[in-house]
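Some notes on the structure that comes next.
The values are calculated or read from the model by the stated rules, or taken from the named source; none is laboratory data. Please read all numbers here as calculations on a predicted model, not as lab measurements. In this analysis, Cβ positions are derived from the backbone assuming ideal geometry, glycine residues included, and neighbour counts consider all displayed protein chains.
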Amino acid sequence: MDLTVKKLFLYYIVSGLIFAFSLSAIIISKKYSNSLSNTLYELQRCKINLFKMRDAINDMEIIASNMGELIPNDSSTKKPEIQISMKLDELKSRITEAEITVANMEYKEYEISLPVNIKAPMKDYTAFVNNISYLQSLKFPVFSINSISIAQLQSKEELSPLYEINGAFRLPNRQ
């Protein structure tokens, strides 16, 4: 009997060890399977983000190329005050019949502006509209129109229409 109990005890110990080994193998394989699933999920997420990043880079390249078209090449070498003065001279040569009045340059934290008042006789409505279109199409420096008014001036000989445009040339302030 003593020998049978010893054999049974040995079988119990061996079967317990086999059960413990099997249980730990199952737990390890389950953790490995979960880790493998998580790794696969993260890899798929990285692939999706890779496509999103490529799209974002393409968008940034398009925006950068468009910015290059808006900003002239010599803008970084000339002071903003000089750029505004050059555009003002261009405006004076374009609208020759106009009386152009400017105020002092205004320096704000992120912007330099030059208030401009344009008064001119309206000889031709088409020229008036073209002048406004020209001002609105300026890209660098930008001309922002604050107000436009049309009035009739009565002189001794005749009535003459007059238009007035109030606005400002604006550029970013590079401090």
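Exactly one residue out of F128, F143 is in a helix (DSSP H, G or I) and either modelled with pLDDT under 90 or loosely packed, with under 10 Cβ neighbours inside 10 Å (or both), and it is F128. Scanning region 79-102 for residues that are among the charged types (D, E, K, R), surrounded by 13 or more Cβ atoms within 10 Å (Cβ to Cβ) and at pLDDT below 85 gives a single hit, E81. N38 passes every criterion in (1) at pLDDT 85 or above; (2) assigned by TED's automatic domain parsing to the domain that holds L153; (3) not hydrophobic (A, V, I, L, M, F, W, C) apart from (2). Might you check whether a residue that is of a type in the set (D, E, K, R), under 25 Å from N66 (Cα atoms) and touching a Pro at 6+ places or on another chain (Cβ under 6 Å) occurs anywhere in region 82-103? Yes, region 82-103 has at least one match.
Assess whether K87 counts as being part of a strand (DSSP E or B) and of a type in the set (D, E, K, R). It is false that K87 is part of a strand (DSSP E or B) and of a type in the set (D, E, K, R).
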